[in-house]
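Visitor: Shown below is the structure under consideration.
The values are calculated or read from the model by the stated rules, or taken from the named source; none is laboratory data. Just so we're clear, the structure is a prediction, and the values are computed from it rather than from any experiment. Cβ: placed from backbone, ideal geometry, glycine included. Neighbour counts: every protein chain shown.
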Amino acid sequence: MNEIYFHSVTLRNDLCTGCTICMQNCPTLAIRVIDGKARIISEKCIDCGMCLKVCPYNAKTAITDSLIELQQFKYNIALPSLSFYAQFSQKYSKNAINLALQSLGFNEIIDVSYYAEVLSAYLKDLSLNDSIEKPIISTYCPAVTRLIQIRNPELIKNISRLESPMEVAAMHVRKKVIEEKNMSGNDIGIFLLSPCPAKITSIKNPIGIEKSSLNGALSIKEIFPKVLKKLFAQKNEKTEIQQSNLGDLWGRVGGQRDVSKIQKSIVVDGIDEVAKILDMIELGKLSNIDFIEAYSCVGGCVGGPLNVENPFIAKYRIDNRCNNSSPISNDEIRSNFKYENLCWNREILPSKIMELDTDIAIALKKMEEINAIFKILPGIDCGACGSPSCYALAEDIVQNRAKISDCIFKKLEGEESEN
Amino acid sequence: MKFEYTISNLDFSTAGEASSNIKKVLKLLGIDSKIIRRASIAIYEAEINIAIHSYGGKIILYVQENSIKIIALDKGPGINNIDLAMKEGFSTATHEIREMGFGAGMGLPNIKKCSDEFSITSESGKYTRLEIAINI
C-alpha cells in the first residue's frame with residue numbers, strides 16, 4: 001500500500017501570515033513555518049484541530065465534503081455526530097432538525113446516539129472482563145488514538161476494540177438499506193456531520209479497519225446555517241418531539257462513563273492533559289482504573305473546532321435533552337448487536353516518526369550533534385526560525401530540514417563577525 | 001551520551017520531569033517502546049524516592065548502543081536496612097507523604113523489576129546511590 005497520509009487539517013496559503021501561533025501550540029510539533037507559511041509535517045499530524053482553534057487568521061482549515069457530493073448517490077443518509085443537535089436552540093426538536101436536513105437532500109437521518117448507547121453496554125462488559133488489559137482506553141476520539149500511535153505505542157494494547165458509534169451506525173444502516181430497499185451499496189451515500197477534522201480523517205484514512213462504511217463528511221460549521229434557514233422556513237409546522245437517547249451524552253466529556261456506568265473511569269479532556277494521563281498509565285500508576293475516556297478537545301466533541309456553538313452551552317443543552325431519556329433495554333441491545341460486529345479488526349501499528357534514525361548508533365550520533373547545536377542557540381524558543389523551539393531547530397538542522405542561519409540571532413552574529 | 005537532572009526535595013510539581021524528559025530522549029533514539037517504558041518507570045520511581053526521602057539529588061543517564069545506565073544519587077538520611085527497603089510494601093514515608101499517594105513501599109521493588117542490573121549503596125545519614133542498567 002502506498003504511504004499516502006490524508007489529513008483533513010490543511011493550510012490556506014492566502015490567509016497564513018506565518019505568525020507561528022499554530023506552530024507554538026501544536027501538541028505533536030508537526031508545524032514548521034517555511035517561507036512565511038505554516039506547513040504541516042503530514043506524518044506528525046494527528047488532526048486534533050488545535051491549529052484551527054488557535055489561528056487568528058482562520059488560515060488553518062479542514063477539508064470536508066459539501067452537499068454537492070450527495071448527487072453521486074441515489075440514497076443519502078446523514079449521520080449527525082453527537083454534538084450536532086446541541087448546536088441548535090432547544091426550541092428546535094430533533095425531529096424538526098431532521099426534517100430540515102431532509103429538505104437539504106438527505107433521504108434518511110440516523111440517530112447515532114442509539115449506537116453510542118449500544119456501545120456503552122459492550123464497553124461495560126469489557127470493563128468487567130478480567131482477561132482484558134486495563135485501563136481500557138476509548139477509541140471514540142480518533143486524535144487520541146493517533147496520539148497513542150505516535151507518543152505512547154506501549155498503550156496500543158489498551159485501546160478498546162470497540163468501533164466508534166459513527167462507524168457502527170454506518171455499517172448497520174448500510175446493511176439495512178441494502179436489504180430493505182434492495183439497493184446496491186454503491187447507490188448509498190453516508191455522510192457524517194462532523195465536529196472535528198480527526199473524524200473526517202478517520203473516514204478517508206481509517207485506523208483499525210480497511211475501509212470506512214461512511215462515504216464522506218460535512219462540517220457542522222458549513223451545514224449549520226443551511227439547516228437553520230430551513231428551520232426558519234418550517235415556522236408553524238408541527239413536529240413530533242423525539243426523545244433523546246442516553247447515547248447523546250457521548251457528545252460531551254464524561255458521556256461514555258455516564259452511559260456505560262463504569263465506576264472506575266478517568267475522564268480527561270484537552271490534549272495536554274490527555275498526554276499526562278497516558279504517561280501515568282505507562283508508568284503503571286493507573287492499574288486500578290478500568291476505563292479512560294479521553295478527548296483531544298476540551299469539553300469532548302462539543303469542543304470540536306468545526307462546531308458553531310460555545311462548547312459549554314452545547315454541553316448544557318446535551319444534558320438537558322437527555323434529562324428524561326430512558327435507557328434502551330438490555331434485551332434489545334443484546335439481540336440486535338453482537339460484540340464481534342462492533343469491533344475494529346486491523347492491527348493498530350505504532351508510528352515511528354519521532355525517531356532520529358532506525359539505527360541506534362546513528363541516532364546517538366545525531367543526538368550528540370543536536371545537543372551541540374542546541375547549546376549555541378539562544379534558548380528562548382522565539383519561533384522566528386520557523387521551528388517550534390530551539391531544540392526542534394537543532395533537530396531540524398541535524399535532519400537537514402533547516403540551517404543554523406535560520407536562527408535570527410545566529411544570523412546576526414554571523415553578519416557582525418563579517419563586518 | 002550523558003544526561004543529568006537535578007531533583008529537589010519534596011517538590012512534587014516537578015517530580016516526574018526527569019522521567020518524562022528521558023522518555024523523549026529515548027524515543028528520539030528509536031529505542032524499543034518496551035524498554036523505554038521500563039526505563040521511564042525506573043526513573044520515575046527513583047525521582048519520587050529522591051523527592052520523598054532525601055534532601056535532594058540527581059539522576060544521571062548514560063545511553064550507549066546496547067544499554068541504558070541510570071544512576072540516582074542523593075544526599076540524605078540514607079537507608080538503614082537495604083534488605084528491608086527492598087521488600088514490597090515496606091515504607092518509611094511519613095503519613096503526609098502517603099496521603100499524597102506516594103510512599104507505598106513499591107518504589108525500589110518496582111525499579112528492580114524494570115532493570116537488568118541493579119545495585120544500591122547507602123551510608124546512614126549521608127547518601128543513597130542507586131545504579132541500574134537496562135539492556136537494549
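Visitor: Only one of A:Lys94, A:Lys53, A:Lys60, A:Lys44 is under 30 Å from A:Thr20 (Cα atoms), crowded, with 21+ Cβ neighbours inside 10 Å and among the basic types (Lys, Arg); which? Quick ask: steps written out before the conclusion?
Guide: On the way: A:Lys94 fails: under 30 Å from A:Thr20 (Cα atoms); A:Lys53 fails: crowded, with 21+ Cβ neighbours inside 10 Å; A:Lys44 fails: crowded, with 21+ Cβ neighbours inside 10 Å.
Criteria check complete, one pass: A:Lys60.
Visitor: Let me ask something else about it. Among helices (runs of 4 or more DSSP H) lying entirely in region B:1-98, which contain 1 or more residues that are within 11 Å of another protein chain (Cβ to nearest Cβ)?
Guide: B:17-28, B:33-53
Visitor: Another one. If A:Cys55 passes every condition in (1) modelled with pLDDT under 95; (2) under 21 Å from the mean Cα position of the chain (by Cα) but one, which one does it miss?
Guide: Status for A:Cys55: all satisfied but (1).
Visitor: Does A:Ile223 satisfy the criteria of being crowded, with 18+ Cβ neighbours inside 10 Å and free of Cβ contacts under 8 Å to residues at least 40 places away in the same chain? Walk me through how you get there before you give the answer.
Guide: Numbers: crowded, with 18+ Cβ neighbours inside 10 Å: yes; free of Cβ contacts under 8 Å to residues at least 40 places away in the same chain: no.
Answer is no for this residue.
Visitor: Search region A:133-181 for residues being acidic (Asp, Glu) and within 16 Å of A:Glu347 (Cβ to Cβ), and hand back the single one that is surrounded by the fewest Cβ atoms within 10 Å (Cβ to Cβ).
Guide: A:Glu133
Visitor: What single numbered condition from (1) without any contact (Cβ under 8 Å) to a residue 12 or more places away in the chain; (2) under 20 Å from B:Tyr127 (Cα atoms) fails to hold for B:Glu4?
Guide: (1)
Visitor: Applying the selection to region A:118-132, what residues are crowded, with 23+ Cβ neighbours inside 10 Å and either more than 21 Å from A:Arg334 (Cβ to Cβ) or among the polar types (S, T, N, Q) (or both)?
Guide: To start, the set of residues in region A:118-132 that are crowded, with 23+ Cβ neighbours inside 10 Å comprises A:118-120, A:123.
The answer is A:Ser120, and nothing else.
Visitor: Suppose we filter A:Tyr92, A:Tyr140, A:Tyr115 for residues that are of a type in the set (Phe, Trp, Tyr) and closer than 30 Å to A:Met354 by Cβ; which single one remains?
Guide: When all the criteria are applied, what remains is A:Tyr140.
Visitor: For the structure I just gave you, tell me whether A:Ser329 is under 30 Å from A:Asn129 (Cβ atoms), of a type in the set (S, T, N, Q), touching a helix residue (DSSP H, G or I) at 6+ places or on another chain (Cβ under 6 Å) and at pLDDT below 95. Full working, then the answer.
Guide: Values: under 30 Å from A:Asn129 (Cβ atoms): yes; of a type in the set (S, T, N, Q): yes; touching a helix residue (DSSP H, G or I) at 6+ places or on another chain (Cβ under 6 Å): no; at pLDDT below 95: yes.
For A:Ser329, the condition - under 30 Å from A:Asn129 (Cβ atoms), of a type in the set (S, T, N, Q), touching a helix residue (DSSP H, G or I) at 6+ places or on another chain (Cβ under 6 Å) and at pLDDT below 95 - is not met.
Visitor: Of (1) in contact (Cβ under 8 Å) with a residue 60 or more places away in the chain; (2) surrounded by fewer than 24 Cβ atoms within 10 Å (Cβ to Cβ); (3) over 14 Å from A:Arg252 (Cα atoms); (4) not aromatic (Phe, Trp, Tyr), A:Ser329 satisfies all except one. Which?
Guide: Result: A:Ser329 passes all but (1).
Visitor: Of everything in region A:355-402, what is hydroxyl-bearing (Ser, Thr, Tyr) and more than 8 Å from every other protein chain (Cβ to nearest Cβ)? Give them in sequence order.
Guide: Residues of region A:355-402 that are hydroxyl-bearing (Ser, Thr, Tyr), as a first pass: A:358, A:387, A:389, A:391.
If the condition is that a residue be hydroxyl-bearing (Ser, Thr, Tyr) and more than 8 Å from every other protein chain (Cβ to nearest Cβ), then A:Ser387, A:Ser389, A:Tyr391 are the ones that fit.
Visitor: Here are A:Leu147, A:Leu128, A:Leu123, A:Leu155: which of them is within 14 Å of chain B (Cβ to nearest Cβ) and out of contact with any Asp or Glu (no Cβ under 7 Å at 6 or more places or on another chain)?
Guide: A:Leu147
Visitor: Return the pairs, sorted by first residue and then second, in which the second residue is among the polar types (S, T, N, Q), the first residue lies in region B:86-111 and is touching a residue at least 12 places away in the same chain (Cβ under 8 Å), the beta carbons are less than 7 Å apart, and the residues are 6+ apart or on different chains.
Guide: Within 7 Å, the pairs are B:Gly103/B:Ser91; B:Ala104/B:Ser91; B:Gly105/B:Ser91; B:Gly107/B:Asn49.
Visitor: Now, a different point. Looking only at helices (runs of 4 or more DSSP H) that fall completely inside region A:195-271, which ones have 2 or more residues that are touching a Gly at 6+ places or on another chain (Cβ under 9 Å) and hydrophobic (A, V, I, L, M, F, W, C)? Full working, then the answer.
Guide: Numbers: elements: A:197-204, A:220-234, A:255-260.
Output list reads A:197-204.
Visitor: Related question: Quick one: B:Ile136 ticks every box in (1) of a type in the set (Val, Ile, Thr); (2) under 22 Å from A:Pro350 (Cβ atoms); (3) within 12 Å of the chain's Cα centre (by Cα); (4) surrounded by fewer than 19 Cβ atoms within 10 Å (Cβ to Cβ) bar one, so which box is it?
Guide: (3)
Visitor: Here's a follow-up. Name, by its number, the condition in (1) in contact with a Cys (Cβ under 8 Å, 6 or more places away or on another chain); (2) outside the structural domain of A:Lys276 (by TED's automatic domain parsing) that does not hold for A:Ser81.
Guide: Of everything listed in (1) in contact with a Cys (Cβ under 8 Å, 6 or more places away or on another chain); (2) outside the structural domain of A:Lys276 (by TED's automatic domain parsing), A:Ser81 misses just condition (2).
Visitor: To continue, here is another question. Does A:Arg317 satisfy being surrounded by fewer than 13 Cβ atoms within 10 Å (Cβ to Cβ), in contact (Cβ under 8 Å) with a residue 12 or more places away in the chain, more than 23 Å from A:Asp272 (Cα to Cα) and more than 14 Å from every other protein chain (Cβ to nearest Cβ)?
Guide: Values: surrounded by fewer than 13 Cβ atoms within 10 Å (Cβ to Cβ): no; in contact (Cβ under 8 Å) with a residue 12 or more places away in the chain: yes; more than 23 Å from A:Asp272 (Cα to Cα): yes; more than 14 Å from every other protein chain (Cβ to nearest Cβ): yes.
Answer is no for this residue.
Visitor: Shifting gears a bit: If A:Tyr115 satisfies all but one of (1) crowded, with 23+ Cβ neighbours inside 10 Å; (2) touching an Asp or Glu at 6+ places or on another chain (Cβ under 6 Å), what's the number of the condition it fails?
Guide: (2) is the only condition that A:Tyr115 fails.
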